[in-house]
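Let me begin by presenting the structure, written as structure tokens, before commenting on it.
The values are calculated or read from the model by the stated rules, or taken from the named source; none is laboratory data. Here the structure is a predicted model, which is why all the values come from computation and not from measurement. When we count neighbours, we look across all protein chains shown, and the Cβ atoms used for this are built from the backbone with ideal geometry, even at glycine. The accessibility values were calculated without ligands, DNA or RNA, using every heavy atom of the protein model including side chains. Shrake-Rupley method; radii C 1.70, N 1.55, O 1.52, S 1.80 Å.
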Amino acid sequence: MPQTSDISRALSPARVIARFAVRVVLLAGFAAFGSIGFGRGLAALLWMSIILCAAVGLLRREPLFGAVLNHWDECAAFGALFALVHLASELG
């Protein structure tokens, strides 16, 4: 079986961004119906998403600062959203 390079098995940036957007919409939907409040629920779900993306990035051995978007980039984006939501829920 021929070896495939990391670039050839990577998803296109549009697909990674679409996957991220769908996950954010799903997380916001679940947080809206949570019993602990939207802000706290979304922060908890974003924290779990950070852990999940980091675990998948480790298991797939994706490069941390690669040339293509991967789970590590999603992990950083979820981390930024978590910080924003956590700050907004603490201030509000």
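Out of the residues in region 83-92 meeting the condition of being open to solvent by 40 Å² or more (accessible area, probe 1.4 Å) and not charged (D, E, K, R), tell me which one is nearest to Ala44 (Cα to Cα). Working first, answer last.
Restricting attention to region 83-92, the residues satisfying the condition of being open to solvent by 40 Å² or more (accessible area, probe 1.4 Å) are 83-84, 86-92.
Now narrow it down to the ones that are not charged (D, E, K, R): 83-84, 86-89, 91-92.
Working: Ala83: 11, Leu84: 13, His86: 9, Leu87: 13, Ala88: 14, Ser89: 12, Leu91: 17, Gly92: 17 Å.
Residue satisfying both the conditions and the ranking: His86.
For region 49-82, the set of residues classified as in contact with a helix residue (DSSP H, G or I) (Cβ under 9 Å, 6 or more places away or on another chain), under 16 Å from Ala28 (Cβ atoms) and open to solvent by 40 Å² or more (accessible area, probe 1.4 Å) consists of Leu81, Phe82, listed by residue number. I'd like to know if region 3-15 contains one or more residues that are in a helix (DSSP H, G or I), acidic (Asp, Glu) and touching a residue at least 12 places away in the same chain (Cβ under 8 Å). For region 3-15, residues in a helix (DSSP H, G or I), acidic (Asp, Glu) and touching a residue at least 12 places away in the same chain (Cβ under 8 Å): absent.
Using the structure shown, decide if Val56 is out of contact with any Cys (no Cβ under 8 Å at 6 or more places or on another chain), closer than 15 Å to Ala10 by Cα and part of a helix (DSSP H, G or I). For Val56, the condition - out of contact with any Cys (no Cβ under 8 Å at 6 or more places or on another chain), closer than 15 Å to Ala10 by Cα and part of a helix (DSSP H, G or I) - is met.
For residues that are touching a residue at least 60 places away in the same chain (Cβ under 8 Å) and of a type outside the set (A, V, I, L, M, F, W, C), scanning just region 59-84, find the one that is farthest from Ala10 (Cα to Cα). Here the answer is Gly66.
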